[in-house]
1. So, SER102, is that one of a type in the set (Gly, Ala, Ser), closer than 25 Å to PHE42 by Cβ and either in contact with an Asp or Glu (Cβ under 6 Å, 6 or more places away or on another chain) or surrounded by 13 or more Cβ atoms within 10 Å (Cβ to Cβ) (or both) or not?
2. Working carefully through the options VAL108, VAL132, find the one that is at pLDDT 90 or above and part of a helix (DSSP H, G or I).
3. Quick check on my filter: what residues within segment 29-60 are part of a strand (DSSP E or B) and either β-branched (Val, Ile, Thr) or buried (at least 19 other Cβ atoms within 10 Å of the Cβ) (or both)?
4. Determine which single condition VAL94 fails, assuming it passes every other condition in (1) in contact (Cβ under 8 Å) with a residue 24 or more places away in the chain; (2) under 15 Å from the mean Cα position of the chain (by Cα).
5. Considering only segment 63-101, how many residues are in contact with a helix residue (DSSP H, G or I) (Cβ under 9 Å, 6 or more places away or on another chain), in a loop (DSSP other than H, G, I, E, B) and among the charged types (D, E, K, R)?
Amino acid sequence: MALVRAEAERLVREVMGSPAPDFTIEYSIGSMQEVRITLDYFDATERCRLTVSRDYERLYRGLVEPSIARSIRKDLAATTMSPAPQFAIGLDGVEHALAVQSGFNRSVLTWWCDVPPGWEGLVAIAERIVEVSRPYLPEPLVLGF
């Protein structure tokens, strides 16, 4: 079965024209002037690509230490929380989104300003992602949590 899966993955990557990441971690801040930080991890080559963009304009793309993405993914996998957040509403503030994708499987968590009770573990993960990309981020960047 593993051989069939490996061949299927190879064919998908060949058809796509470039290798697809084994997993992607994406953190975005803001709903009007969005800053998006993406870590794409490629297992076969042990590479991790960092992309930082603002309002769909790429500010930076380059390689970072692969252990960063592996460590963040490990911490995400160990995070336990309710998938149903408490109600929140606001007129001013910052929207946050954290997405993790592996193949066709994708998980997206969003919150408004303050992280919901029980989701506190996401703050440290978001801060680590921001720290990796800090030299390439527009200033000032207000995280709001």
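1. Values: of a type in the set (Gly, Ala, Ser): yes; closer than 25 Å to PHE42 by Cβ: yes; either in contact with an Asp or Glu (Cβ under 6 Å, 6 or more places away or on another chain) or surrounded by 13 or more Cβ atoms within 10 Å (Cβ to Cβ) (or both): yes.
When the stated conditions are applied, SER102 passes them.
2. Working: VAL108 fails: part of a helix (DSSP H, G or I).
Of VAL108, VAL132, the one residue that is at pLDDT 90 or above and part of a helix (DSSP H, G or I) is VAL132.
3. Initially, segment 29-60 is screened for residues part of a strand (DSSP E or B), giving 29, 35-42, 47-54, 57-60.
Listed by number, the residues that qualify are ILE29, VAL35, ARG36, ILE37, THR38, LEU39, ASP40, TYR41, CYS48, LEU50, THR51, VAL52.
4. It fails just one condition, (2).
5. 1
The values are calculated or read from the model by the stated rules, or taken from the named source; none is laboratory data. Just so it is clear, the model here is predicted, and its values are computed rather than measured. So basically every Cβ, Gly included, is an ideal-geometry build from the backbone, and we count neighbours across all protein chains shown.
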